[in-house]
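Undergrad: Got a structure for you, questions after.
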Amino acid sequence: MALTPGIMWMGKIYPPVWHGEELAPAELFGNLRGMGVEGIDIFARAAEQYGADTLQAALNESGLKCSCYYIAADLVTDDPEKKQAADEAFPMGIDIAQQLGAPICFTHGSQHAHAGEENLQRYIDRLGEKLQLFKATELTLVIENAGFLLHAADPMVRVCEALGDEGLRLCPDTGNFTLWGQDEIDAVTKCLPWTVHFHIKDYAERSEEDGVVRGKEAVLGQGITPVETIIGILKDEGWSGVLAWEPGPQDEEGVTESVRELLRLIG
């Protein structure tokens, strides 16, 4: 498998409305496949809204592949209800990912609300517990750089050094490195040995005040994130996998331009 163009089902395309017309999942997936997209990352909220059977049928009809299924869970909290929700989310997410044919599960919901060494260690411990659920499957669990807890490459690598033997892998987000003021090239290079999936995002601008970061997402290729250089590194290193562009506030033209740019960069 070479570099494969993908998209996250979020931002402008979720819920699926295109030039004012509401679309069924199969119609949206068909449009994306017609643009040249081959994989789609699906959040649990979509399965809850439409049902896994509907999404499976839409994938089959369109020819898109579910490249990654997302499991929302706070693995750091001590709140009993949130801990129970996390415990329930993983088995359910694994079942749906298998039904949709996704090779990868992505867990999110821990990094943004927590920070600090104690919370990072708790995150590692609880990720380790959840990884045991994947041992009887062919699924790979990944995490991304995000939030206060895990926005830099070094802690990402640290988590994988602790849990890599248990199967954990990484999904670097190019734009999140930009948002948090990281050296994107250095960060991606450090994460690459553990990386099996990518989020491709471009920021038009970023700012920081009193530890709070803000940014404005750009049409892919029109911002300050060195996306072209990063994809060049992936080609040089012979990396294979899905590059999932993350739609933000772009309009339909911006989505189309971004997908076209992703295809150009992949070549």
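Undergrad: Grab the other residues whose beta carbon is less than 12 angstrom from that of Y123, score K and R as +1, D and E as -1, and report the net. The partial results should precede the final answer.
TA: Values: positive: R122, R126, K130, R158; negative: D74, E117, E118, D125, E129.
So the surrounding residues net to -1.
Undergrad: What is the distance in Å between the Cα centres of the range 214-267 and the range 88-143?
TA: First find each Cα centre; the distance between them is then 26 Å.
Undergrad: Let me ask something else about it. Kindly report the accessible area of the chain per residue (heavy atoms of protein chains, probe 1.4 Å, no ligands, DNA or RNA), in Å².
TA: 44 Å²
Undergrad: Pick out which of L28, L192, L133 has the largest mean-square fluctuation in a Gaussian network model of the chain, springs linking Cα atoms closer than 10 Å.
TA: L133
Undergrad: Still on this model: How far apart, in nanometres, would the label points at A57 and R158 be if each is projected 7 angstrom from Cα along the Cα-to-Cβ direction?
TA: Taking the two extended label points, one gets 4.8 nm.
Undergrad: What value, in deg cm²/dmol to 500, does the helix sum -39500 (n - 2.57) over DSSP H runs of n ≥ 4 give at 222 nm once divided by the residues of the chain? Write out the running numbers ahead of the final one.
TA: Working: 10 runs with 116 residues, N = 267.
The helix contribution divided over the chain gives -13500 deg cm²/dmol.
Undergrad: In addition: Would you pull out the residues with amide H under 5 Å of Q222's amide H, same chain only if 5 or more places away, H placed 1.01 Å from N?
TA: none
Undergrad: State the percentage of accessible surface on the range 37-119 attributable to carbon and sulfur atoms; use a 1.4 Å probe and exclude ligands, DNA and RNA.
TA: Of all accessible area on the range 37-119, carbon and sulfur atoms account for 48 percent.
Undergrad: Next question, about the same structure. How far apart, in nanometres, would the label points at D125 and E166 be if each is projected 7 angstrom from Cα along the Cα-to-Cβ direction?
TA: Computed distance between label sites D125 and E166 equals 1.2 nm.
Undergrad: Also, I was wondering about something else. Please report the antiparallel percentage of DSSP beta bridges with both residues in the chain, rounded to the nearest 5.
TA: Taking every DSSP beta bridge within the chain, about 25 percent pair in antiparallel fashion.
Undergrad: Dipole size in debye (nearest 20) for the chain around its Cα centre, Lys and Arg Cβ +1, Asp and Glu Cβ -1?
TA: So the magnitude is around 480 debye.
Undergrad: Once phi is turned into θ = phi - 60°, what whole-Hz ³J(HN,Hα) does the Karplus curve with 6.51, -1.76 and 1.60 give for every residue of the range 97-102, x standing for Gly and Pro?
TA: 4, 5, 4, 7, x, 6
Undergrad: Taking a threshold of 19 Å on the Cα-Cα distance, which of the pairs K12/K201; K65/K235; K130/K190; K190/K235; K65/K135 fall above it?
TA: On the way: K12/K201 14 Å; K65/K235 22 Å; K130/K190 25 Å; K190/K235 16 Å; K65/K135 23 Å.
Over 19 Å Cα-Cα: K65/K235; K130/K190; K65/K135.
Undergrad: Taking Cα pairs under 8 Å and at least six residues apart, what relative contact order does the range 31-95 come out at, in percent?
TA: 34 percent
Undergrad: Place the peptides 29-42, 197-210 in order of packing, highest mean first, counting for every residue the other Cβ atoms within 10 Å and averaging per peptide.
TA: 29-42, 197-210
The values are calculated or read from the model by the stated rules, or taken from the named source; none is laboratory data. Since the structure is predicted, the reported quantities are computational estimates derived from the model, not experimental observations. So basically every Cβ, Gly included, is an ideal-geometry build from the backbone, and we count neighbours across all protein chains shown. Protein only, heavy atoms only, side chains kept; ligands, DNA and RNA dropped before computing areas. Shrake-Rupley method; radii C 1.70, N 1.55, O 1.52, S 1.80 Å.
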